[in-house]
Amino acid sequence: MDNRFANMFNLTEDQAIALLKKPLEELQEKSERYVAASHLINFPTERSIQALVETIEDNNPDMFHRIARRKAVESLGKMRIKQALPVITTCLTDNDPYTVENAIWAIGEIGTDDENILEKIASILEKPQQTYRLIIQILARFDYKPALDRIKPFIESEDETIASAAIAAVASLTQDYSQMNKVVDFLQHSSVNARRLSIQDLIDTKYYDAIPHIAKSPISLVFRLRGIRLLAATGIPSGTITFAEIETYLDRVICDRPSDLEMVHEYDQQPSLEFLIKELYQTDFGRCYLATKTLLELYPEQAPEALIETYAAEARSDYGAHYHVVKLLGWLKYQPGKSIILEAFNNTQPQFQKSRGAAAIALANLGATDAIPLLQETIKSRIFDLKYASLLALEQLGAKESWSMVAEDQDLLIRHKVGNRE
């Protein structure tokens, strides 16, 4: 949930409702109506719900109202207001494709078994310039088989993210999973979006055979870890898979060594140290992982100093590069970098969360037995990747007996990892 505006304006429920009802020309800033529609999610009362419904019913063509109207649809969806389904459904025929998109998403959040609504969503597949991926996902989620023939053509879409969703939807609706290998192949696509979104399609279809392939896909461990955890959450309790079958892959994702990944990019000539350091700032982690792998192979002596320099200059505040620098310092066993690793381990800012797990692994790679008490504290954390990384680090440092501290952990995978298979 995006609370930036809510925190900025600190509106009460009365103030937010008043802004929604106030004529646009009387607002100090026309965007205030959007802010109000966003903020009312904090007040799921009848008054707020009615104010949001009235905002949707107002067809004022002004751009700022249309933006607020879209947000009102989204807010009702986030609150899962069943009684708002009729007014949200009217938005499915709106001329504004963004309003249509929000309406489909909101219906997906609220849920419905009304075939009339589902048929209206399916009919949008026949219109140009719509959010086909979302439509296909929602129809598959609600098992709307009458849409099958309209979904099938999208398997050939030039947009890989749409094709992936269509293949997964057809598999779900027909229970024929013979084409799911094509979705698995998207895990190695050159497009980072195709790689990321195919994981969601594999989750949606409960395609457990994909777990080894998810672990090897060169995207952020956040996406890979989410995929494996969600598949495990349904597969282990149902007996379809066992923890033993996925443990190796889970461990590899947490350790996140570039040697365990299948790269989708390559260099046409030997890159310089300076180039590789800059690549750690790429938003496509496939490029970051290739740079990391190459730094370890070609520049193990020169890399530590360059990493310290880039950390001081930029990586300290860039959470992507921060993560890669922390990992590299551990793999290079660079003891002077220990203070940076400890700083990362203790950094509780949300955007640097994955660096904490990386730091736990890095401390183990440094042989930092003095960090055992810190690691023993973090295995009690609510942050899964930090907790799991700390378990692996404690084992590597010879303190596996500490695992008994989380034998009754609430998380299924943690319990399995420490040996409590009950």
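The values are calculated or read from the model by the stated rules, or taken from the named source; none is laboratory data. Predicted, not measured: the structure shown is a model, and the values here were computed from it. Counting neighbours? That spans all protein chains shown, and the Cβs are built from the backbone with ideal geometry, glycine included.
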> Within the set of pairs 6+ apart or on separate chains, which have a first residue in region 220-239 that is closer than 12 Å to D204 by Cα, a second that is among the charged types (D, E, K, R), and C-beta atoms under 8 Å apart?
Replying inline: L231/K206; T234/K206
>> Of everything in region 163-202, what is without any contact (Cβ under 8 Å) to a residue 12 or more places away in the chain and either of a type in the set (F, W, Y) or not in a helix (DSSP H, G or I) (or both)? Give them in sequence order.
In response: Q175, D176, S178
>> Pairs please, first residue from region 63-76 and within 18 Å of E13 (Cα to Cα), second anywhere and among the acidic types (D, E) and not in a helix (DSSP H, G or I), Cβ atoms under 8 Å, 6+ apart in sequence or on different chains.
In response: R69/D58
> Looking at this structure, is I136 hydrophobic (A, V, I, L, M, F, W, C), farther than 19 Å from G111 by Cα and in a helix (DSSP H, G or I)?
Replying inline: no
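So that you can scan it fast, the table gives a plain yes or no per residue for (1) aromatic (F, W, Y); (2) under 28 Å from the mean Cα position of the chain (by Cα); (3) more than 28 Å from I340 (Cα to Cα):
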| site | (1), (2), (3) |
| --- | --- |
| L375 | no, yes, no |
| A389 | no, yes, no |
| L392 | no, yes, no |
| E401 | no, no, no |
| D411 | no, yes, yes |
> Restricting the search to region 22-32, which residues are surrounded by 13 or more Cβ atoms within 10 Å (Cβ to Cβ) and assigned to a helix (DSSP H, G or I)?
Replying inline: L24, E32
>> If I ask for residues that are under 21 Å from L187 (Cβ atoms) and either in contact with a Lys or Arg (Cβ under 9 Å, 6 or more places away or on another chain) or free of Cβ contacts under 8 Å to residues at least 12 places away in the same chain (or both), which ones from region 256-272 would you list?
In response: D256, R257, P258, S259, D260, L261, E262, M263, V264, H265
> Out of all the residues in region 222-270, which are in a helix (DSSP H, G or I) and either among the acidic types (D, E) or in contact with a strand residue (DSSP E or B) (Cβ under 9 Å, 6 or more places away or on another chain) (or both)?
Replying inline: E245, E247, D251, D260
>> Any residue at all in region 143-161 that's crowded, with 20+ Cβ neighbours inside 10 Å, in contact with a Pro (Cβ under 9 Å, 6 or more places away or on another chain) and either closer than 29 Å to L290 by Cα or of a type in the set (G, A, S) (or both)?
In response: no
>> So for region 143-153 (the condition being under 22 Å from A103 (Cβ atoms) and assigned by TED's automatic domain parsing to the domain that holds H213), does at least one residue qualify?
In response: no
> Of F275, F243, which residue is more than 18 Å from I361 (Cβ to Cβ), surrounded by fewer than 22 Cβ atoms within 10 Å (Cβ to Cβ) and in contact (Cβ under 8 Å) with a residue 40 or more places away in the chain?
Replying inline: F243
> When you look at I107, is it touching a residue at least 24 places away in the same chain (Cβ under 8 Å) and over 16 Å from S172 (Cβ atoms), yes or no?
Replying inline: yes
> Which of the residues spanning region 346-387 are touching a residue at least 12 places away in the same chain (Cβ under 8 Å) and small (G, A, S)?
Replying inline: S355, G357, A358, A359, A360, A362, A364, G367, A368, A371
>> I need the full set of residues from region 55-78 which are buried (at least 20 other Cβ atoms within 10 Å of the Cβ) and within 19 Å of I110 (Cα to Cα), in order please.
In response: T55, I56, R69, R70, K71, A72, V73, E74, S75, L76, G77
